[in-house]
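Just below is one structure, and these are the notes that go with it.
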Amino acid sequence: MLFTKRFWDGLAGGSITLAFRRWKRPTVKAGGTLRSPGGFLAIDSVEVIAEDDLDDAQAQSAGYADVDELRKELGPSTADRALYRVGFHLAGPDPRDVLRANHSLSADDVAELRKRLDRLDRAAPAPWTDATLQLIAEQPAVVSTTLAEQLGMERAAFKLNVRKLKALGLTESLEIGYRLSPRGAAFMKEERA
């Protein structure tokens, strides 16, 4: 479930607590969580509702001025897609953001990261983790197409690899390109020591 930029502040501030989607089947479930640009969301409810159940109060809880604006964005109903109301609350910052910001690495943290990077390298046709981290360290904010080309990779494969590094808290995405996170920089410094 994606949110456009206009909703990010409301998500982060906790004023947006509902979303409405037309789905064949829901992409989230009650009790689950969702990473969003506005923070980490805990999904409280996912239910099918009727068009007549929509009102201004719910529309405002979803970040719209009124129900007419919400209906306009939802578009017309179709027989193959039900209208879902998703209730959620802000559960705090994205754990990946917290992880990336942690630059105090113990020897065990460094060893565990090395173990996980080695596992990623073994699962790939050729080792890539160290070269990718080094390239991002040397060339922050460089477009992924250029970085992928320098490593002799397709852009899609390169971006998938960087997402794996991001999940470990080692990199951060920028408007253009990437950079090492504080955690990633600390890891690289410890690896060189």
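Of everything in region 137-193, what is of a type in the set (S, T, N, Q) and at pLDDT 95 or above? Give them in sequence order. Within region 137-193, Gln139, Ser144, Thr145, Thr146, Gln150, Asn161, Thr171, Ser181 qualify. For region 44-61, state whether one or more residues are modelled with pLDDT of 95 or more and within 30 Å of Gly169 (Cβ to Cβ). Checking region 44-61: at least one residue is modelled with pLDDT of 95 or more and within 30 Å of Gly169 (Cβ to Cβ). Residue selection: Ile43 fails the criterion of being under 20 Å from Lys24 (Cα atoms), of a type in the set (A, V, I, L, M, F, W, C), in the same structural domain as Arg22 (by TED's automatic domain parsing) and surrounded by fewer than 18 Cβ atoms within 10 Å (Cβ to Cβ). Looking only at residues of region 13-28 that are among the basic types (Lys, Arg) and not in a loop (DSSP other than H, G, I, E, B), we find that the one that is surrounded by the fewest Cβ atoms within 10 Å (Cβ to Cβ) is Arg22. Within region 36-55, being out of contact with any Leu (no Cβ under 9 Å at 6 or more places or on another chain) and either closer than 14 Å to Leu70 by Cα or β-branched (Val, Ile, Thr) (or both) holds for Val46, Asp52, Asp55. Of the residues making up region 115-126, not a single one is over 16 Å from Glu191 (Cβ atoms), of a type outside the set (Asp, Glu) and surrounded by 15 or more Cβ atoms within 10 Å (Cβ to Cβ). Mind checking whether some residue in region 122-137 is of a type in the set (Asp, Glu) and closer than 16 Å to Arg100 by Cβ? Checked against the condition, which is being of a type in the set (Asp, Glu) and closer than 16 Å to Arg100 by Cβ, region 122-137 yields no hits at all. Suppose the filter is surrounded by fewer than 18 Cβ atoms within 10 Å (Cβ to Cβ) and not acidic (Asp, Glu); does Arg85 pass it? Taking the combined requirement at face value, the residue does not satisfy it.
Residue count for region 20-58 under the criterion of being of a type in the set (D, E, K, R) and touching a residue at least 60 places away in the same chain (Cβ under 8 Å): the result is 3.
The values are calculated or read from the model by the stated rules, or taken from the named source; none is laboratory data. The shown structure was predicted, so the numbers you read here are calculated from the model rather than taken from an experiment. Counting neighbours? That spans all protein chains shown, and the Cβs are built from the backbone with ideal geometry, glycine included.
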